[in-house]
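Since the structure comes first, as C-alpha cells, the remarks are kept for the end.
The values are calculated or read from the model by the stated rules, or taken from the named source; none is laboratory data. Predicted model only: the values in this text are computed from it and were never measured. For neighbour counting, all protein chains shown are included, and Cβ atoms are generated from backbone atoms with ideal geometry for every residue, glycine included.
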Amino acid sequence: MALGASLQRRWYGGGTPPLWTRPLEALYGLAVRRRAERFRADPASVVRLPVPVVVVGNITIGGTGKTPLIVALAKAMAQRGFRPGIVSRGYGGSERGPYLLTGDDDPSKVGDEPSLIRQSGVPVAIGRERPEAARLLVDAGCDLVLADDGLQHHRLGRDVEICVVDGERRLGNGHLLPAGPLREPASRLATVDFIVVNGGVPRDGEIVMQLEGGVAVNMADDSLTAPLADFAGRPAHAVAGIGNPARFFASLAAQGIAVHGHPFADHHAFTRDDFTFADGCPVLMTDKDAVKCRAFARPNWWRVPVRAILPEAFYDAVATRIRASR
C-alpha cells in the first residue's frame with residue numbers, strides 16, 4: 001500500500017519515475033504492443049457480436065468516472081430506441097462467469113460496480129471472458145452492448161470506443177506502468193471515437209462531463225434524504241474504496257463539510273471492522289462502497305449518489321455512430 005501510494009505521488013506530482021521502474025516500463029510497453037499487434041494480425045481471434053458494441057474505458061489506472069458515464073449512456077441510448085445491456089469483468093467478485101445478474105446478487109460474488117450498475121435497471125452480465133458474458137445480454141434481448149472498462153480487452157470486437165479522462169489528473173507524468181499511470185501509450189487517445197473528460201478544463205475535441213451529487217441518502221432508510229448542505233460546518237467521516245478517493249473527499253469539503261477522510265484500496269471488501277468510529281459523527285460514502293455495506297449499515301451512515309451530466313449532442317453523436325456501424 002505504501003509503495004503504491006508513493007508511486008502515485010510521483011505519477012501525478014510531477015516527480016521523476018524511480019530508475020527501477022524504467023526497465024519494467026519498457027517490458028510492459030512491449031507486451032502491450034505485441035498483444036495489440038497479435039489481434040490486428042489475426043482478425044479471426046476477435047469476437048464480433050451480432051449487435052453493436054460500445055466500449056467505455058480509460059488508459060490510466062484508477063477511477064475516472066466510467067461507472068456513472070456508462071449508466072447515463074445506457075439510459076440515453078434507451079431513450080433513442082435501443083435496448084442496451086452492460087457487460088463487465090466483475091472485478092472484485094468471486095464469480096468467473098459468464099453470469100447474468102438478477103438484481104439481488106451479493107456484491108462479493110459479482111463485484112461492486114456491476115451491482116451498482118444493475119440498480120439502475122439496465123441488464124448486466126459479467127465474466128472473465130467478456131464475449132461470452134456479452135452473449136448472455138444478446139440472448140436476453142439486448143440490441144446494444146456497452147462494455148465497461150474494456151479498451152484493453154481486444155478479443156471483444158467493438159464499433160465505438162469512448163475513453164474517459166480525469167480532467168484534473170489527466171495522464172499524470174505520461175509514462176506507462178509502473179513508471180506512470182498509463183495502461184497504454186498516450187497516442188491511444190488518437191484512435192478512440194470520443195474522449196470524455198471528467199471535470200477540469202476540456203481540450204479541443206473533448207466532451208466535458210460533470211458529476212452531480214448534492215443529496216445524501218440514508219443507508220438504513222432509503223426514504224430519508226438530506227442535502228449535503230445539511231452536513232456543512234460539522235465533521236463527518238468520509239469513506240471511499242474507489243480509484244481516486246481524494247476526488248470524493250474534495251467534493252464533500254467543497255460543501256463546507258469538515259471531512260475526516262478514510263481512503264481504502266479500489267474495490268475494497270468492507271467489513272464492520274473498517275468502521276471503528278466512536279465519535280457519533282455521520283459517515284458518508286460513495287454508492288459504489290455503499291452496495292457492500294448495506295448489511296451492517298447504521299442510522300448515521302449516508303451514501304452520496306452521483307449522476308453524469310453530458311451534452312445531449314454527445315449522446316446523439318454516439319447513437320449516430322452506432323447506427324452507421326452496422
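Residue count for the range 199-216, restricted to those that are of a type in the set (Gly, Ala, Ser) and either out of contact with any strand residue (DSSP E or B) (no Cβ under 8 Å at 6 or more places or on another chain) or at pLDDT 95 or above (or both): 1. Every test in (1) more than 16 Å from the chain's Cα centre (by Cα); (2) of a type outside the set (A, V, I, L, M, F, W, C); (3) surrounded by 21 or more Cβ atoms within 10 Å (Cβ to Cβ); (4) within 22 Å of Met209 (Cβ to Cβ) is passed by Gly180 save one, and that test is (4). The residues in the range 39-66 that are in contact (Cβ under 8 Å) with a residue 40 or more places away in the chain and farther than 30 Å from Asp287 by Cβ can be counted, and the count is 6. Please go through the range 222-235 and give me each residue that is at pLDDT 95 or above and among the acidic types (Asp, Glu), ordered by number. Passing the criteria: only Asp230. Residues that are within 21 Å of Gly111 (Cβ to Cβ) and out of contact with any helix residue (DSSP H, G or I) (no Cβ under 9 Å at 6 or more places or on another chain) are absent from the range 302-319 altogether. Would you be able to say whether some residue in the range 67-86 is charged (D, E, K, R) and touching a Cys at 6+ places or on another chain (Cβ under 8 Å)? The answer is yes; a qualifying residue exists.
Residue count for the range 188-226 under the criterion of being within 23 Å of Val53 (Cβ to Cβ) and exposed (fewer than 13 other Cβ atoms within 10 Å of the Cβ): the result is 3. Condition check for Asp204 on (1) over 17 Å from Thr64 (Cβ atoms); (2) among the charged types (D, E, K, R); (3) touching a residue at least 24 places away in the same chain (Cβ under 8 Å): one failure, at (3).
A search for C-beta distances below 8 Å between a residue of the range 217-231 that is among the hydrophobic types (A, V, I, L, M, F, W, C) and any residue that is assigned to a helix (DSSP H, G or I), counting only pairs 6+ apart in sequence or on different chains, returns Met219/Ala290; Met219/Arg294; Leu228/Leu252; Phe231/Leu252.
Taking first residues from the range 89-100 that are surrounded by fewer than 18 Cβ atoms within 10 Å (Cβ to Cβ) and partners that are hydroxyl-bearing (Ser, Thr, Tyr), the Cβ contacts under 8 Å between residues at least 6 apart in sequence or on separate chains come to Ser94/Ser108. Count of the range 229-254 residues, restricted to those that are over 10 Å from Met285 (Cβ atoms) and surrounded by fewer than 19 Cβ atoms within 10 Å (Cβ to Cβ), is 10. Restricting attention to the range 40-69, the residues being loosely packed, with under 15 Cβ neighbours inside 10 Å and not aliphatic (A, V, I, L, M) number 6. Step by step: first the residues of the range 94-122, then only those that are closer than 21 Å to Gly65 by Cβ and in a loop (DSSP other than H, G, I, E, B), then the one that is modelled with the highest pLDDT. Which residue is that? Here the answer is Val122. In the range 9-30, the count of residues that are modelled with pLDDT under 90, hydrophobic (A, V, I, L, M, F, W, C) and not in a helix (DSSP H, G or I) is zero. Across the range 122-147, the number of residues qualifying as more than 23 Å from Tyr28 (Cα to Cα) and either over 19 Å from the mean Cα position of the chain (by Cα) or acidic (Asp, Glu) (or both) comes to 12.
Every condition in (1) out of contact with any Phe, Trp or Tyr (no Cβ under 7 Å at 6 or more places or on another chain); (2) surrounded by 14 or more Cβ atoms within 10 Å (Cβ to Cβ); (3) at pLDDT 95 or above is met by Ile257 except one, and the failing one is (1).
Only one of the listed residues (Val196, Val138) is within 27 Å of Met285 (Cβ to Cβ), modelled with pLDDT of 90 or more, of a type in the set (A, V, I, L, M, F, W, C) and not assigned by TED's automatic domain parsing to the domain that holds Lys288. That residue is Val196. Screening the range 213-326 for strands (runs of 3 or more DSSP E) wholly inside it with 1 or more residues that are basic (Lys, Arg) returns the ranges 301-304, 307-309.
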